[in-house]
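This report refers to the structure that appears directly beneath it.
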Amino acid sequence: MAKEKPEASTEPASTEGPSYFERRARATADLLKEKGVLSADETRNVKHGHDHGHDDVFEQLHANNPIDTTEHEHTLFEKQMLAIGNLLREKGIISTDEVRRKIDENEGVSPHQGSRVVARAWTDPEYKKRLFEDGIAAAEELGVDMSTANQLIAVENSDDVHHVVVCTLCSCYPRQLLGQPPDWYKSTNYRTRVVVDPRRVLKEMGLELPEPVEVRVVDSTAETRYLVLPRRPEGTEGWSEEQLAGLVTRNSMVGCSNALTPMQKEMMAD
Amino acid sequence: MSFRYKQGDRVRVLETLTLGHHIRSPQYLRGKDGVVADIRGSFKDPELLSFGKDGLPMANLYSIEFDLAHVWDDRPAPKGANKIYADIFEQWLEPR
């Protein structure tokens, strides 16, 4: 997919890569142009322009913005971008999730990064060993940017043990490998119920575990991020890493499903 | 930095009541017994970082294994073996 970089060069430069606001601003501008809501000129005006008189909305938005770690008082530019984003959401033109997905797209983060790690671990026992010893280093070996992670622990699902990951406190998630968490992962329903009756929640999500299987709910409460290594599906002997990666779904790396079987994959393609 | 607990030690999560956000010890595990499954390492203390402090001294972090039926002992136990693993900082643990 072709990616423009509209106005990126006119935004404040940073020596440490794009800031929260720069990323958000770029994604918002991209979306506005794609949707034909604003012309290039209008987009430029918005970025360099005027107070839109939505201070109250801005205040409210800021209060609900826990991932904004900006330390200085917001600049006019940042305020404008927040106010515009809020306006567009009010009008139903873009959603918060769309902006998040766009940020991921711009930065090339999707669950596929995690799928590559799993597929390599399935095919290379030495790599698998390194993954369990030092998850961050193993992911970096495959070119994944792990600079924002403190610790990555891989947990392995087998015929006897099944891991499922949750964050009961908020929405901690291995974003470097899987992108942004899906809505259900952040939902109160999932977060409160999976630690109480995991088998039932998994069944509702389509995964019925035999009673002898030990279920381990991993609550991601602190610095550690978890990647579930699902079982390698049967009938995949001799498959290439790339073929195998195509079986590794996002949910299987959170532990809410198994990896796809070759037949399931084939049916999806039809 | 020395770790107070080692793998296999029995511990209990403190029952201290807290208000507000940014505390990394989930309420549902307070007062519950568990076993040290692994030592995760030392990290800047997020409970200090979240209030604008520098996060020092560093805090020791452990993976604690809980029996799910024990955590929810006021409910009928779900079938099969069910465990909860949570990462708990040392300041939230006491020996059992």
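For the stretch A:151-238, the residue among A:THR236, A:TRP184, A:HIS163 whose Cα projects farthest onto the positive side of the dipole built from Cβ charges is A:TRP184. At an R0 of 56 angstrom, the distance between the Cβ atoms of B:LYS79 and B:LEU56 translates into a FRET efficiency of 0.75.
For the stretch A:146-157, 3J(HN,Hα) computed residue by residue from phi via the Karplus equation (6.51, -1.76, 1.60; θ = phi - 60°) reads 10, 5, 9, 9, 8, 7, 10, 10, 8, 10, 9, 8 Hz, glycine and proline entered as x.
Each principal axis of the stretch B:10-95 carries a Cα extent, and these read 45, 27, 19 Å when sorted largest first. Loop-located GluC sites (Glu not before Pro) across the stretch B:1-89 with a Cβ neighbour count of 15 or fewer within 10 Å are B:GLU15, with loop assigned by DSSP.
Arranged from fewest to most other beta-carbon atoms within 10 Å of their beta carbon, B:MET58, A:MET253 become B:MET58, A:MET253.
Taking a ≥ b ≥ c as the square roots of the eigenvalues of the alpha-carbon gyration tensor, the stretch A:111-269 is classed oblate because a/c is 1.5 or more while a/b is no larger than b/c.
The residues neighbouring A:GLY246, those whose beta-carbon lies less than 14 Å from its own, together hold a net charge of +2 under the Lys/Arg +1, Asp/Glu -1 convention.
Taking other residues whose beta carbon is less than 11 angstrom from the beta carbon of B:THR18, and scoring Lys, Arg as +1 and Asp, Glu as -1, yields 0.
When chain B is treated as a GNM with alpha-carbon contacts under 10 Å, the residue of B:ALA81, B:ALA59, B:ALA69 showing the greatest mean-square fluctuation is B:ALA81. Applying a DSSP loop filter and a limit of 16 other Cβ atoms within 10 Å to the chymotrypsin sites (Phe, Trp or Tyr not before Pro) in the stretch B:41-96 leaves B:PHE51. Between A:ASP97 and A:LYS203, the modelled label-to-label distance comes to 2.7 nm, taking each label 7 Å out from Cα in the direction of the beta carbon. A Förster radius of 35 Å combined with the Cβ-Cβ distance from A:GLU237 to A:ALA137 puts the calculated FRET efficiency at roughly 0.75. For A:GLU211 and A:ASP124, FRET efficiency with R0 = 22 Å and r from the beta-carbon atoms, rounded to 0.05? With R0 = 22 Å, the Cβ-Cβ based efficiency is 0.10. Taking amide H as placed 1.01 Å from N in the peptide plane, the amide H of B:ASP38 sits under 5 Å from that of B:SER63, each at least 5 places away or on another chain. Computed from point charges on the beta carbon alone (+1 for Lys and Arg, -1 for Asp and Glu), the dipole magnitude for the stretch A:172-270 about its Cα centre is near 440 Debye. Using a cut-off of 19 Å between Cα atoms, the listed pairs A:LYS33/A:LYS91; A:LYS33/A:LYS102; A:LYS203/B:LYS83; A:LYS186/A:LYS265; A:LYS33/A:LYS186 include A:LYS186/A:LYS265; A:LYS33/A:LYS186 as exceeding that distance.
FYI, it's all coordinate maths here, none of it is from the lab. Keep in mind that what you see is a predicted model, and the values were worked out from it rather than measured. Cβ sites come from the backbone with ideal geometry, for glycine too, and all protein chains shown count toward neighbours.
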